[in-house]
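Colleague: The structure under discussion is supplied below as structure tokens; questions concerning it will follow.
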Amino acid sequence: MTRLLFLLVVTFSTVSAQMLTAQNYYYRGIGYNAALLKSEGLDFVIDRYNQTRSYLDDKMEYCHYYDGPSFRSGLSYNHLFVDFGFTFRSCKVSASGIDASGVRQQRDLKNKWNTFDLALGFGAGANENIALAFGINIGLNAEKTLTRADTPDKIGVANFAKVNSQFKIGFEPFAQLILATDKGLGLAFRPYFSWTPVQTDYYELNSYINQYTYVNDPSSIKGKLSGFGLSVILVYYTYSD
């Protein structure tokens with residue numbers, strides 16, 4: 001992911017140098033979003049789950065890879081770039097093992113941060129086939145943590161229990177490059193860095209899935225979800241002088 005983001009930044013810089021003026025354009029589309037995000041508080045809870053269950057032969061991985069669809073619509077007018085949309089982000093991890101009863105048990109953990117987005121920025125340049133912009137996206141919604149447990153053959157129909165829900169505001173500096181055909185169909189590439197000043201306390205999650213050991217852990221287990229991401233959007237692009 002990091003190497004891909006570096007290559008995109010180099011590409012954006014090259015394209016920007018070839019553009020002399022910022023023209024007006026509009027686009028809308030749907031695509032795929034992937035991000036590597038980390039919260040130290042969530043990592044702590046997962047570590048405790050693995051450490052306190054010696055019977056696990058398939059330990060729970062960290063919840064770091066988030067993905068989902070993304071919907072966006074935006075425009076650039078006289079260098080002013082405005083964009084809005086909705087981004088789905090979720091990560092699901094699992095652990096399983098044969099417990100003291102002799103039955104294999106599985107625990108699923110899902111963390112979600114789906115955001116309503118508003119972006120403002122600078123339209124760096126455009127023509128009939130290429131558009132470049134830089135800006136900051138503001139994302140609003142709640143980070144939610146859900147979990148469920150059952151035997152592997154039944155867990156697919158088991159309901160998730162929502163344990164954590166914390167409202168967040170997130171800030172995402174980004175660069176966006178649109179490459180379009182003469183007919184207006186194109187792709188938008190949008191690497192970004194995601195950061196939030198709002199901490200989430202995962203204490204309730206810890207007490208829920210580590211019910212026999214949480215009393216020995218801190219009474220507050222906080223973390224901020226942050227990291228790098230990339231959205232690739234199939235867009236319809238309309239350019240005007």
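The values are calculated or read from the model by the stated rules, or taken from the named source; none is laboratory data. The structure presented is a predicted model; accordingly, all values stated were derived computationally and were not measured. Don't worry about glycine lacking a Cβ; one is built from the backbone with ideal geometry, like all the others, and counts go over all protein chains shown. The area values use the complete protein model at the heavy-atom level, side chains included, leaving out ligands, DNA and RNA. Shrake-Rupley method; radii C 1.70, N 1.55, O 1.52, S 1.80 Å.
Colleague: What FRET efficiency comes out for the pair Tyr236/Asp57, r = Cβ-Cβ distance, R0 = 45 Å, nearest 0.05?
Modeller: It comes to 0.35.
Colleague: Let me ask something else. Counting only protein heavy atoms, what percent of the accessible surface of the chain is carbon or sulfur at a 1.4 Å probe?
Modeller: Carbon and sulfur together cover 59 percent of it.
Colleague: Amide H neighbours of Val198 under 5 Å, counting only residues 5+ apart in sequence or on other chains, H built in-plane at 1.01 Å?
Modeller: Residues meeting the criterion, in which the H sits 1.01 Å from N, are Ile169.
Colleague: State the label only: which of (i) 1.42; (ii) 1.20; (iii) 1.02 corresponds to Cα Rg over 2.2 N^0.38 Å computed from the shown model?
Modeller: Derived directly from the coordinates: (ii).
Colleague: Follow-up. Take the alpha carbon gyration tensor of segment 26-165, find the square roots of its eigenvalues, order them as a ≥ b ≥ c, and report rounded if a/c is under 1.5; if not, report prolate when a/b exceeds b/c, else oblate.
Modeller: Prolate, because a/c is 1.5 or more and a/b exceeds b/c.
Colleague: Exposed loop sites here are trypsin sites (Lys or Arg not before Pro) in DSSP loop states with at most 15 other C-beta atoms within 10 Å. What is the longest stretch of the chain lacking them?
Modeller: 1-153
Colleague: Give or take rounding to whole Å, what are the principal axis extents of the alpha carbon atoms in segment 87-133, in descending order?
Modeller: The Cα atoms of segment 87-133 stretch 66, 21, 11 Å along the principal axes, largest first.
Colleague: Let me ask something additional. Points 7 angstrom from Cα along the Cβ direction at Ile98 and Tyr77: gap in nanometres?
Modeller: Placing both labels 7 Å beyond Cα along the Cβ direction yields 6.8 nm.
Colleague: Now, a different point. Quote the relative contact order of the chain in percent (integer), defining contacts as alpha-carbon pairs under 8 Å separated by 6+ residues.
Modeller: So the answer I get is 24 percent.
Colleague: Amide H to amide H under 5 Å from Asn127: which residues, 5+ apart in sequence or cross-chain, H placed 1.01 Å off N in plane?
Modeller: Those lying under 5 Å, H to H, from Asn127: there are none.
Colleague: In sequence order, what are the phi-derived ³J(HN,Hα) couplings for segment 174-185 according to the Karplus relation 6.51 cos²θ - 1.76 cosθ + 1.60 with θ = phi - 60°, rounded to whole Hz, with x for glycine and proline?
Modeller: Ordered by residue, 3J(HN,Hα) equals 8, 10, 10, 10, 10, 10, 10, 7, 5, 8, x, 7 Hz.
Colleague: To the nearest 10 degrees, how steeply does helix 40-51 sit against the main Cα axis of the chain, on a 0 to 90 scale?
Modeller: 30
Colleague: Whole-Hz ³J(HN,Hα) for each residue in segment 107-121, computed from phi via Karplus 6.51 cos²θ - 1.76 cosθ + 1.60 with θ = phi - 60°, x for glycine and proline: what do you get?
Modeller: Residue by residue, segment 107-121 yields 10, 9, 10, 10, 10, 10, 9, 8, 10, 7, 10, 9, 10, 10, x Hz.
Colleague: Got a number for the accessible area of Phe116? Probe 1.4 Å, square angstrom, nearest 10.
Modeller: 120
Colleague: Can you tell me, using C-alpha contacts under 8 Å and at least 6 residues apart, the relative contact order of segment 93-219 as a whole percent?
Modeller: Dividing the mean separation by the residue count of segment 93-219 yields 20 percent.
Colleague: Indicate, rounded to the nearest 5 percent, the antiparallel portion of the DSSP beta bridges found entirely in segment 60-107.
Modeller: Of the beta bridges lying entirely in segment 60-107, close to 100 percent run antiparallel.
Colleague: Once both axes come from the Cα atoms, what is the angle between helix 2-18 and the longest principal axis of the chain, in degrees from 0 to 90, rounded to 10?
Modeller: So the inclination is approximately 10 degrees.
Colleague: May I pose another question? Along the principal axes of its C-alpha atoms, what lengths does segment 117-241 span, in descending order and rounded to whole Å?
Modeller: 65, 37, 17
Colleague: Now a separate question. Viscosity 0.890 mPa s, temperature 25 °C: give me the Stokes-Einstein translational D for segment 108-168 in µm²/s, with Rh taken as the Kirkwood radius over C-alpha pairs.
Modeller: Reported coefficient: 164 µm²/s.
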